[in-house]
Amino acid sequence: MQTTRSAQLFAQARQLIPGGVNSPVRACRSVGCDPLFVHKAQGCLITDVDGNTFIDLVSSWGPMILGHAHPEVVEAIRQTAALGTSFGAPSPLEVELAEKVCAAFPSLDKVRFVNSGTEATMSAIRLARAHTGRDVVVKFDGCYHGHADSFLIKAGSGLLTLGIPGSPGVPEDIVKNTISIPYNDIVLFKKTLQERGKDIACVIVEPVAGNMGVVPPEPGFLETLREETSAQGIVLIFDEVITGFRLALGGAQERFGIQPDLTCLGKIIGGGLPVGAYGGKEALMGKVAPDGPVYQAGTLSGNPLAMAAGIAMLDVLKRPGFYTELEEKSDWFAAELRSIAQKAAVPVSLNRIGSMMTCFFTQEKVHDYTSAMTADTQRYASHYRNMLAQGVWLAPSQFEAFFLSAAHERSHLDKILAATEASFKKLMG
Ligand code: HOZ
């Protein structure tokens, strides 16, 4: 594969941007490659600046559930851009998207739009602290809630990939106010709340973890979080930045039938443009400025282009049969992958829920951070390179999800499966 132009751009980028990238995992270090620079993407295909085209399983880390450059989304952006790209004042599109989001998520009376998932989660915990008058945040090992200080403790995503589950620069006082416990550990969770309940402002969780690879909640886990937090007046926050509009129109909370107090959204609601959101019932959201004292603001919040892209995307997602079709396709694909792994005798543990999945290179059932860490990252790196050479674009880390979209057709999936079979043979040969 010819990668000269990407290599030139990467050399230039490294002089100008830390690590040559604007988000660490993209540097591809854990898979032993240099990044390829993207020229364009259409449907489920992504083309680099050297003209190599790949079947994309990253889907921009989640948002592209319709595939890239979906005509309805692109048209909405085009028409909106002609009217102006930012006003710093309310516009009708914000109301329309807010209506759609609140209709899809019955736990939301109101929603505030921000610019990223990180902004959503950091604003949500501020609100939870103000509401309860308590400081402590409980999170789960390997979950990732963006890069605000409170969350960079035993965090997933890039921190897990780079082996730096904490970060210098986070004040000790913040670390003291964050408790991180193993995902899916109901016993320890209950004990933590018994011991520290009166200090705890909120429990924040990815209802399906997607940043240590995909790790679904075990039966009873989310139910326990809901029961125990309610009993102690603790705010339960679902970080549905990945799962919102991915696992169902109403996200993981619809799928599991559990309503949190606050929900954080991002990715899909912006149709591929930078958006985040947090929302909940009036009792909490009524405390956000200017209705209440909890301050949070942003020049580009509710940006018209992002709102228009989000509206267009949600309108497609609402069409009958969208999620059923995606589910059936994903189910079939995961079953094929499992059977290929079995035939090739590659020890893998495939976690899937809906259209998000991770193929962990381990024999162990992956149910938390510790079991995720048993994955053979070197083997994943070889697999990544094998797949790239065959035209398949995987996440450059063992500890991320891959996402199917409406644009992945049977022919694409067959090619991915054939490439996987060849890669697995090579790994075992
Ligand atoms: N934290 C993102 C994945 N969970 C990576 C974002 C990116 O590098 O674009």
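The values are calculated or read from the model by the stated rules, or taken from the named source; none is laboratory data. Computed from a prediction, not measured in an experiment: that's the story for all the values here. Positions of Cβ are backbone-derived with ideal geometry, glycine not excepted, and every protein chain shown enters the neighbour counts.
Provide a single number: the residues in segment 1-25 that are in a helix (DSSP H, G or I) and away from the ligand (no atom under 16 Å from the Cβ). Reasoning before the result, please.
Pass one, segment 1-25, residues in a helix (DSSP H, G or I): 4-16, 18-20, 24-25.
Now restrict to residues that are away from the ligand (no atom under 16 Å from the Cβ): 4-9, 11-12, 14-16.
Residues flagged as in a helix (DSSP H, G or I) and away from the ligand (no atom under 16 Å from the Cβ) within segment 1-25 amount to 11.
On the basis of being part of a helix (DSSP H, G or I), away from the ligand (no atom under 16 Å from the Cβ) and at pLDDT 95 or above, does Ala130 make the cut? Don't jump to the end; show me each part of the working.
Details: part of a helix (DSSP H, G or I): yes; away from the ligand (no atom under 16 Å from the Cβ): yes; at pLDDT 95 or above: yes.
So Ala130 passes the test.
Tell me, which helices (runs of 4 or more DSSP H) wholly within segment 189-297 include 1 or more residues that are at pLDDT 95 or above, within 30 Å of Val73 (Cβ to Cβ) and more than 16 Å from the ligand (Cβ to nearest atom)? Quick ask: steps written out before the conclusion?
Numbers: elements: 221-231, 251-256, 282-285.
Hits in segment 189-297: 251-256, 282-285.
Is there any pair with a first residue in segment 23-37 that is at pLDDT 95 or above and a second that is more than 12 Å from the ligand (Cβ to nearest atom) and part of a loop (DSSP other than H, G, I, E, B) whose Cβ atoms are under 6 Å apart and which are 6 or more apart or on different chains, and what are they?
Phe37/Val49
How about segment 43-59: which of its residues are surrounded by fewer than 16 Cβ atoms within 10 Å (Cβ to Cβ) and under 26 Å from the mean Cα position of the chain (by Cα)?
Of segment 43-59, the ones surrounded by fewer than 16 Cβ atoms within 10 Å (Cβ to Cβ) are 51, 53.
Of everything in segment 43-59, just one residue is surrounded by fewer than 16 Cβ atoms within 10 Å (Cβ to Cβ) and under 26 Å from the mean Cα position of the chain (by Cα), namely Thr53.
Is it the case that some residue within segment 26-34 is within 15 Å of the ligand (Cβ to nearest atom), within 28 Å of Thr263 (Cα to Cα), not in a loop (DSSP other than H, G, I, E, B) and not hydroxyl-bearing (Ser, Thr, Tyr)?
yes
Just checking, how many residues over segment 35-82 are within 15 Å of the ligand (Cβ to nearest atom) and closer than 22 Å to Thr3 by Cα?
Summing the residues that are within 15 Å of the ligand (Cβ to nearest atom) and closer than 22 Å to Thr3 by Cα in segment 35-82 gives 11.
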